[in-house]
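Data block below; observations after.
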Amino acid sequence: MRNEAMVQPVPVPVAYGPLLATLVLALALVVLPFAAQALGQPSLVPLATRALIYAIAAASLNLALGYGGMVSFGHAAFFGIGGYVVGILYQSFTADELLFGLIPGTNQLLLTLAAAMLAAGFLALVIGALSLRTSGVQFIMITLAFAQMLFFLFVSLKAYGGDDGLIIRRRNILFGLDTRDDTVFYFVCLAAAAIMFWGIARIVGSRFGMVLAGIRQSERRMAAMGIAPYRYKLAAFVISGMGAGLAGALMANYLRFVSPDMLHWTKSGELMIMVILGGVGTLLGPLLGAAALVVLETVLTAWTEHWQLVLGPILLVVVLFTQGGLRALLRRLGGGR
Amino acid sequence: MTLVLEQLLNGVQFGVMLFLLAAGLTLIFGIMGVINLAHGSLYMVGAYAGAIVAAKTGSLLLAIPAALAAAAAAGVAMELLVLRRLYQRDHLDQVLATFALILIFNQGVTLLFGRQPLFVSIPPLLNGSVELLPGLSYSVYRLTIIAVGLLVAAGLSILINRTRVGMLVRAGATHRDMVRALGVDIKLLYTAVFGLGALLAGLAGLMAGPILAVQVGMGEQILIMTFVVVVIGGVGSVRGALFGALIVGIVDTCLRAFLPGLLRQVMAGSEADALGAGLSSMGIYLLMAVVLLLRPKGLFPSHA
């Protein structure tokens, strides 16, 4: 990690820039569906929805990876479990039977999202409690191992579709809203993303966030100060997992489908790439990274079948020549250094 | 009994293939501190070069050097152009860059050779089987793979433990900065180790050709298992890579062979098959998690 402790303290001028940028961004996101309609490009709305959902997942991963210094290569587990909670609850809702003989199924969005976050959080508690006993490359690999176990478990569970996954015939319902409408669902996701980003900003700025940053820089120093790093890291990991579960639940609603693909290690890699592409340990970096990757993918696929041959070099250039991802690039272009 | 022996041999054969990949990966990991996700791409390059030269010329003797040279050249180019710039960066940048390399390799191969898997026939010399024990006949080709793998393991062991280059490699794995401080041309050493790792990956790809389909994406499938091997064996340890590979190969093969059968005794056939396949795929990851929890540095850590 970069050695921020070495930077000389300078009096910080009140920063209106970031606040203004955030406001402009928020406004742009609210106006986007209407602008898309006006421009006759309605397909932009689902595209932006997908970017927002991935942004939630990437921002959650960033909390563990960027702020907490825990390089998880297994966040697909939480993303996927969120999706499966929606799928399984919907399945038992339509079959009108109790899940495990206890829990009634549901298609209420608020309930399924909460259930998805709970399930993902519990999973993150278990995985994190075990994985956080290791660090470095071993941590990367053990989180990968747990995610792969879950992937193969769901591939083999015929009751939940196995390889083929589960189809969710209709999106979950939220009050009287027509979630089948793309624009309505976009705003649902936008609201979720707004809450998520606001929450992460609050966490990062809180005492808990400070401790987390301290642990990232030097675990021993924090331990010497009488703070038990393990508990803080585990708490951050669980919150991060819950966020990824929320994103997975929204994605299952968006696609009206969940499959083991959501649990595959390439999904973990994709989320990680969004974070790195946008800028590790920055608040809006994951949003930028997710949007950039989703848009690039869509644009390039429309352009050529071999789009990955274009995406690859772009990623290479970003990593080799922009230290700190798109967020840092923007900041440098903006004049500040 | 013969069935068990046969599956054990299959496990050893798979383990040997994993070792060829893991040996290079663990050295690169241990010495340069680089997580190279694109190591599987070098395996794919070897497999394609071997398959195409064999198909065009019909000669195994030409296919072998072609595969090795192609993989080594790709590896050296990868090191010189990209990875060299990333040694000082953190693991995240390395992950992103090598992921980008995977995309480039996969699409490049698709562009050149299409999406259709290539099938390679076993060279006539090695076709057929021998009777190892009464009632146990085994494919000559698979036995050859085992023999080649064990020869490579022996050769690597001599190279690393008995030669000057090996001494530098060992020193580089444990005391990187000290080696640099003593005036060793570390850049050359890095490129050489990378080239060697790529060569071994190419060898594995070449030998995999006749048993598995040569196709885009073959590298990623085996890459993850290779990482499991490296972590179980201990990062940076070639001995660990050998034992880790054999353990993973045998455990994985035996679970796949026997678990569905065992499950079928307690549940319906099709469900048992699906669950058995899933659980046996989970097996090695479970093994890795247990090893990491009990011995976080792996079974054979390089820092003794």
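Laboratory data are not the source of any read-out in this text; all were calculated from the coordinates shown. Every value quoted in this text rests on a predicted model; they were computed, and no experiment measured them. So basically every Cβ, Gly included, is an ideal-geometry build from the backbone, and we count neighbours across all protein chains shown.
Key figures for this structure:
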{"quantity": "C-alpha center-to-center spacing [segment A:54-113, segment A:211-265] in angstrom", "calculated": "14 Å"}
{"quantity": "Rounded FRET efficiency, nearest 0.05, which uses the C-beta distance separating A:A191 from A:A38 and R0 of 30 Å", "calculated": "0.85"}
{"quantity": "Extension reserve of the B:M178-B:A154 stretch, reckoned as 0.36 nm per residue once the Cα distance is removed", "calculated": "5.8 nm"}
{"quantity": "Selected from A:G87, A:G209, A:G312 as most flexible by GNM, with chain A as the system and alpha-carbon contacts under 10 Å", "calculated": "A:G312"}
{"quantity": "Least to most buried among A:Y254, A:Y84 (fewest other Cβ within 10 Å first)", "calculated": "A:Y254, A:Y84"}
{"quantity": "Percent RCO, i.e. relative contact order, over segment A:238-289, from Cα pairs under 8 Å lying at least 6 residues apart", "calculated": "19 percent"}
{"quantity": "Chain B, relative contact order [Cα under 8 Å, separation at least 6], %", "calculated": "35 percent"}
{"quantity": "Pairs beyond 30 Å (Cα-Cα), from A:K233/B:K297; B:K187/B:K297; B:K56/B:K187", "calculated": "B:K56/B:K187"}
{"quantity": "Projected label distance in nm at A:R180 and B:S59, using a 7 Å step from Cα toward the beta-carbon", "calculated": "6.7 nm"}
{"quantity": "Low-density loop cleavage sites - chymotrypsin sites (Phe, Trp or Tyr not before Pro) in segment B:73-137, where at most 13 other Cβ are within 10 Å (DSSP)", "calculated": "B:F119"}
{"quantity": "Global geometry of chain B, whether rounded, prolate or oblate, following the gyration tensor of its Cα atoms and the 1.5 cut on a/c", "calculated": "prolate"}
{"quantity": "Cross-link partners of A:K267 among aspartates and glutamates (Cα-Cα below 18 Å; sequence separation of 8 or more within a chain)", "calculated": "A:D163, A:D164, A:E297, B:D93, B:E220"}
{"quantity": "Low-density loop positions, chymotrypsin sites (Phe, Trp or Tyr not before Pro), segment A:97-193 - DSSP coil, at most 16 other Cβ in 10 Å", "calculated": "A:F100, A:F175"}
{"quantity": "Choice from A:P229, A:P260, A:P18 with maximal GNM fluctuation in chain A (Cα, 10 Å cutoff)", "calculated": "A:P18"}
{"quantity": "Residue order, fewest to most beta carbons within 10 Å, for B:Y48, B:Y43", "calculated": "B:Y48, B:Y43"}
{"quantity": "Positive-end residue, the protein assembly as shown charge dipole about Cα centroid, Cβ charges, pick of B:L159, B:M267, A:L157", "calculated": "B:L159"}
{"quantity": "Convex hull (Cα only) mean projected area of the protein assembly as shown, reported in nm² to one decimal", "calculated": "32.3 nm²"}
{"quantity": "Net charge dipole size for chain A [Lys, Arg +1 and Asp, Glu -1 on Cβ; Debye, nearest 20]", "calculated": "1100 debye"}
{"quantity": "Fewest-first ranking of A:V24, B:V179, B:V231, B:V45, using other Cβ atoms within 10 Å as the exposure measure", "calculated": "A:V24, B:V179, B:V45, B:V231"}
